[in-house]
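Reviewing the structure listed below.
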Amino acid sequence: MPENDIISFRGTRQGILMSIKEDEPFGKVMDELKNRIDNELDFFGQSPISLDLGWREMDEYDIDELLYYLQQNGLKLLGIISTSLNTRKIAESRGLKVIIGRLGLAGHHGRKKPALQNKAIARPQARTSVPGINRPACETLFVRKTIRSGQVIEHPGNFVIMGDVNPGAEVRAGGDIVIVGALRGIAHAGRNPETKSASISAFRFQPTQIRIKDKIESRFDKSITKHKKPVVAILDNGKIKYTVY
Amino acid sequence: MGKVIVITSGKGGVGKTVTTANIGASLALEGKKVVVIDADIGLRNLDLVMGLENRIVFDIVDVIEKKCRSYRQALIRDKRFKSLFLLPSSQSREKDSVSPNQMVDLCDTLREHFDFVLIDCPAGIEQGFKNAIIGSDESIIVTNPEVSSVRDADRVIGLLEAEEKSEHWLLVNRMNDGLVKRKKMLSVEDITEVLGIDVIGIVPEDENVLFSTNKGIPLVLEKNSLAGVSYRNIARKLIDPNCTQEIEIRDDGFWAKLKRLFLGDRSFGYKAR
């Protein structure tokens, strides 16, 4: 087993113990996992899997994504071993067994300064859960409710919101945002670093602030916000351009 | 089985306590058996507004900690309305001396013996707020026609929805129609456009509120108070959501009577919404 493997496996009496390198970005881990499972599905058979996460911080989305993928391939996750309280809590809420600890099989070395900056942009920690919104496996998430002050919703794909986004609320999407209602709060589109451009459209466009990629705009021309017509804002050559319909 | 209704707002000073006292009194006036609970533990106010301060022996914390025989011992009957009771809050304790589970139990007990249980929620969205809303069936969100209280109301509605409490009404307090006409104040339409919930009533700005609060006499007993009449109409709507029959203020001055004599019985003066 090479030292620099992102994921390493080990057979035990209780099933397979899977160790994941702690400081690798989660996206890379998932890619590797998919790769390994696709190639070596026979190796797994029916054995349940335990996961050694070390000090890796996982959020709900990460864990749900992982669970979803394992389930798709008919694999059962038994429990996790982790030193992170947060990760353990989330795992527990998903009905997993939880052990505090760190086996350090997958070329682990002590905690370096984690590349937080990238992660913070991709998946910030502060997040208010809005009831009734679950992330499906698909790219675009439909939300049939009004997002109210203090609520933050976030999705790595695109958003379609059938309702208003009120002042003080925030919508964050990896791709585009479409609001079938009024935008009065903050919308941030194109958070996924891989997207080149993104758009924010709303039936009524009176935002507090919009952000597309890293471009922030908080002052809008009255010709855009005053009337009650749909507006599409799109990033074009580093500038946000508005089209009124 | 009675209904448990929490009166909340998020922002302080919008009129939750006065609203609770007056809706409670109006419901009693309609012949319902009502208990109003002051959930603002540590900042006791509702008893003052109702003029019952000197009768308090036991409070809500005593009931929950079982320091009195039953909740009945802590209930105070109103001076004027025989079917209105107050469960006062404690002035010396803090918000976390009551747990959400205990609050649910209390609401369930009271629900069996009263037609309406009104809970006066503390300002803020911390433990006191959570305790106040946890046992409720419906909520009335009080807001003033100004941006900060509307924003806080929006936040509170979001929190109520997160607790899966989706039955809510909006009450717009301190409305000044004159200012709205001059576009100096948010209109009811401006508010509902953002909040998107049904309005149960609009209470106009009325100096009588201040007078009656200081005296500890419910406003609803004053026939000529605009706010008092609005509260009575709100209470009617709580009893029957389809109620269309509204109480109106009739101007009984000499000229108004003369006009009625000639022009038929039309309602002059203000129409309380």
### Summary
Flagged in the range A:56-99 as outside any loop (DSSP other than H, G, I, E, B), closer than 17 Å to A:L33 by Cβ, under 15 Å from the mean Cα position of the chain (by Cα) and not β-branched (V, I, T), in numbering order, are A:Y61, A:D62, A:D64, A:E65, A:L66, A:L67, A:Y68, A:Y69
### Query
Does B:T213 count as among the hydroxyl-bearing types (S, T, Y), open to solvent by 20 Å² or more (accessible area, probe 1.4 Å) and under 26 Å from B:E53 (Cα atoms)?
yes
#### Entry: Elements of type helices (runs of 4 or more DSSP H) in the range B:99-204, at least 1 residues being open to solvent by 50 Å² or more (accessible area, probe 1.4 Å) and away from chain A (no Cβ under 14 Å)
B:100-113, B:127-134, B:177-181
### Task
Only residues that are within 16 Å of A:I240 (Cα to Cα) and acidic (D, E): list them for the range A:171-227, please.
A:D176, A:D214, A:E217, A:D221
## Note on the structure
Within the range A:155-208, residues under 20 Å from the mean Cα position of the chain (by Cα) and either outside the structural domain of A:I224 (by TED's automatic domain parsing) or polar (S, T, N, Q) (or both) come out as A:N158, A:N192, A:T195, A:S197, A:S199
## Note on the structure
Flagged in the range A:26-53 as more than 12 Å from A:I7 (Cα to Cα) and either in contact (Cβ under 8 Å) with a residue 40 or more places away in the chain or outside any loop (DSSP other than H, G, I, E, B) (or both), in numbering order, are A:G27, A:D38, A:N39, A:L41, A:D42, A:F43, A:F44, A:I49, A:S50
### Query
Does any residue in the range B:6-21 that is closer than 24 Å to B:D108 by Cα come within less than 6 Å, Cβ to Cβ, of a residue that is in a strand (DSSP E or B) and among the polar types (S, T, N, Q) six or more places away or on a different chain, and which pairs are these?
B:V6/B:S139; B:T8/B:S139
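The values are calculated or read from the model by the stated rules, or taken from the named source; none is laboratory data. If you're wondering where the values come from, they're calculated on a predicted model, not measured in any experiment. Please note: Cβ atoms are built from the backbone with ideal geometry, for glycine as well, and neighbour counts cover all protein chains shown. The area values use the complete protein model at the heavy-atom level, side chains included, leaving out ligands, DNA and RNA. Shrake-Rupley method; radii C 1.70, N 1.55, O 1.52, S 1.80 Å.
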